[in-house]
Structures are given as C-alpha cells and as structure tokens.
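One structure is given below, encoded as structure tokens.
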Amino acid sequence: MENTKLRARIIRMRNKVGTFWPLVISQLSMFVVFFVAVFAYMHIEGWDFWDSCYMVVITLSTVGFQEVHPMSTQGRILTTVLILTGVGNFAFILGAFSQMLVEGKFFKAFGRRRVLKSIAKLRGHSIVCGYGRIGRVVAEEIMHEGGSVVVIEQDIESVKLLDEQGILHLCGDATSDQVLEEANIRHASNLIAALELDSANVYVVLSARQFNPDLHIVARAGAESHISKLQHAGADKVLLPHRIGGLRMAQSVLRPTVTSFVELTQRGGGMDIQMEELLINSDSELTGKALMDSGIRARFNLIVIAVKDSEGNMHFNPASDFVIKAGHTLIVVGSTDNLAAFQSVL
C-alpha cells in the first residue's frame with residue numbers, strides 16, 4: 001500500500017515537472033551522492049564535516065588539488081567510487097540539458113510557462129475547445145469584438161497556426177480536467193465546445209459545468225438526437241451548424257431581402273450598421289424611463305427592435321410607452337459609432 005502511494009506521488013511530481021524531470025532526477029542523484037560521500041569520509045577517515053565536504057567538492061570537480069589528509073585504503077576506494085559516480089552524474093546532467101536544447105524543449109517549457117501565466121491573469125474570457133472550421137470562426141469573432149480568448153487544441157497543424165497568429169492557446173485534450181484548469185476555467189465567462197465528436201463535447205460540458213456553475217456554455221452538436229444530451233450535461237445553448245447553414249441558404253432563396261439585411265448587421269456586411277444587445281444597469285440614466293422619453297432614437301439614431309426582460313421574456317417592437325428597467329436587454333440596430341456612444345449611458 002505504501003509503495004503504491006509513493007509511486008503515485010512520484011508520477012504526480014513527474015507530470016507536474018514535465019520536461020525538466022530528467023534534470024530534477026540528475027540533480028537529486030548528485031545531491032544524494034554528495035552527502036553520502038561526506039558522511040562516508042567522516043566515518044571512514046574520522047575527518048570533520050568541513051574537511052569531508054572540501055574533499056568531496058575537489059573530487060567531484062576533478063580539479064586535481066592535493067588530498068586534505070593522507071587517506072587509508074578504504075578512503076581511496078571511496079574516492080574512486082565517488083569519481084566514477086560523480087562523472088557519470090555530470091555526464092547525465094549535460095546530456096539531459098543538451099537534449100532539451102537540441103529538441104527545443106527548454107524554450108518550449110519556458111514559453112508554456114509564460115502562456116500559463118498570461119492565461120492565469122485573465123478574467124471573463126472565453127474558452128474555445130477545438131480550432132476547426134467552427135472554432136476558428138468563433139475565436140476570430142470574439143477577438144474582433146475585443147474579447148479575450150483561450151483556445152484548446154491538440155492537432156499539431158492547428159497549434160502551429162495558433163502560434164503564427166499569436167492567439168493564446170493550450171496544446172492538449174479539452175476533455176482533460178487539468179487542461180481546463182490551465183485554461184483558467186474558474187474565472188471564464190463563456191465556453192464554446194466545438195469539438196468534432198459529440199461525445200467529447202458532452203464530456204467537456206460536464207467537466208466545465210462542475211468547475212464553474214455560472215459559466216455560459218455553447219456546444220456544437222452533429223445530430224439532433226444529441227441536443228438533449230448536451231443540454232442535460234449543462235449546455236446553455238446547443239447549435240447544429242449544418243442546420244443553421246441550411247436554414248440560411250433556404251432564407252436566401254425565400255426571403256433574400258431579409259437575409260441581405262441580416263448580413264448587413266454582421267461584420268463584413270459592407271455597411272456601417274450593426275445589431276447589438278445591450279444590458280441596462282441599475283445606475284443607468286435610462287432606468288425607469290419610457291422608450292419615447294429615453295432619447296434612444298433622437299439622441300443616438302438607434303432603433304429598438306426588441307427588449308428581453310429580466311425573466312427572459314422577449315418583447316418585440318415595444319410600444320413607445322414601454323418602461324425600461326434595470327436588467328432589461330435592449331436589441332438595437334444602428335451604426336457602430338452610435339452604438340458606442342449609447343453604451344456610455346448604460
């Protein structure tokens with residue numbers, strides 16, 4: 001039982017140290033050889049601690065200084081063994097360090113530590129699991145809006161692309177609890193599960209919900225039968241990319257003008273017009289005012305097309321006497337400059 005616990009501790013330590021494990025082992029081995037030799041000199045030759053330390057140092061360093069005191073045969077045998085073990089340890093340390101330099105592990109390890117420190121400082125960021133066709137678009141859109149993103153991806157080619165683009169990312173399995181913790185999930189606001197396999201997305205959603213009960217989770221599903229599973233796992237929203245794409249194409253045929261207008265409100269639509277949802281804070285100057293008295297249309301030239309109240313009910317095309325309250329979310333359409341000016345009074 002004790003051996004099993006010790007082995008488990010060693011494995012956890014090795015996983016924590018990672019790339020530097022060979023160097024740690026070699027340094028620990030050198031530490032043991034040093035102090036064993038010191039106490040061996042004290043016992044065999046009867047020297048004091050400092051004379052024994054000095055003898056061990058000049059022996060391991062192979063500087064060729066004269067012996068501290070005349071030695072017995074047992075002392076010379078000890079010195080011979082010490083030289084052999086010391087040189088072997090130095091060769092192992094040099095080999096491990098050279099291998100890390102040649103393979104680039106040394107700089108990768110420090111680069112990973114810098115990334116982890118940067119991620120640990122984030123608050124209210126979004127975690128994108130999977131950098132495929134969907135995850136890539138999600139990450140780009142969030143960053144375009146000024147949000148912070150951490151991408152989790154294990155495909156080597158995708159990781160190289162993330163490196164080139166300078167996007168904060170972790171190379172690992174998103175279903176791993178350790179990787180999710182490294183992504184600072186406890187302080188994240190959103191998580192997008194965009195992995196290829198629905199089973200993997202279910203596992204990610206389950207783990208993420210346990211780490212952060214307040215996390216807003218959006219998951220990708222490949223089949224309608226999997227939607228309920230992802231929702232039960234804790235996803236706030238489950239989307240079918242192929243269905244969304246099909247509906248968009250159908251609407252382009254059935255209602256081309258409406259579809260064109262929606263495209264105009266998105267990035268790259270070709271006009272300075274955007275649809276945005278804005279939350280009314282308790283200290284906003286609009287709280288308690290009717291729409292007709294708010295000045296939203298007169299001052300900011302914005303159109304309120306819907307209001308979602310604090311209970312989640314949607315009020316489309318609200319009347320002019322509709323009273324704005326704290327916690328309401330306004331869905332408005334207008335230019336980006338007018339939207340930015342309007343946000344200052346919320």
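A short reminder: the numbers here are calculations on the coordinates, not readings from a lab. Since we're looking at a predicted model, the values are computed, not measured. We place every Cβ from the backbone using ideal geometry, glycine too, and count neighbours over all the protein chains shown.
With the simple model of a label 7 Å out from the Cα in the direction of the Cβ, residue 292 to residue 346 spans 2.6 nm.
For segment 123-191, the share of alpha carbon pairs falling in successive 5 Å distance bins from zero is 4, 18, 32, 27, 16, 3 percent. Derived from the Cα gyration tensor, the three semi-axes of the equivalent ellipsoid of segment 122-244 are 20, 16, 14 Å, largest first. Would you tally the net charge around residue 180, using a Cβ to Cβ cut-off of less than 13 Å, leaving residue 180 out, and scoring K and R as +1, D and E as -1? Around residue 180, the surrounding residues sum to -2. Contact order, relative form, for segment 259-343: 37 percent (alpha carbon pairs under 8 Å, 6 or more residues apart, mean separation divided by residue count). Give the shape of segment 190-346 as rounded, prolate or oblate, defined through the alpha-carbon gyration tensor: a ≥ b ≥ c are the square roots of its eigenvalues, a/c under 1.5 means rounded, and otherwise the shape is prolate if a/b is larger than b/c and oblate if not. Since a/c reaches 1.5 but b/c is at least a/b, the shape of segment 190-346 is classed as oblate.
Working out 0.36 nm times the residue gap between residue 315 and residue 51, then minus their Cα-Cα distance, what length gain in nm do you get to one decimal? Don't skip to the end; give the middle numbers.
Values: separation 264, 0.36 × 264 = 95.04 nm, distance 8.76 nm.
Separation in residues times 0.36 nm, less the Cα-Cα distance, equals 86.3 nm.
Approximating the spin labels as points 7 Å out from Cα along Cα→Cβ, the residue 43-to-residue 244 distance works out to 7.1 nm.
Length gained on full extension, residue 58 to residue 156: 30.5 nm, using 0.36 nm per residue less the C-alpha separation.
Once the Cβ-Cβ distance between residue 90 and residue 165 is put in as r, and R0 is 45 Å, what FRET efficiency do you end up with, to the nearest 0.05?
Numbers: r = 42 Å, r/R0 = 0.94.
My answer for the efficiency is 0.60.
Extending 7 Å from Cα along the Cβ direction at residue 189 and again at residue 83 yields two label points whose distance is 6.8 nm.
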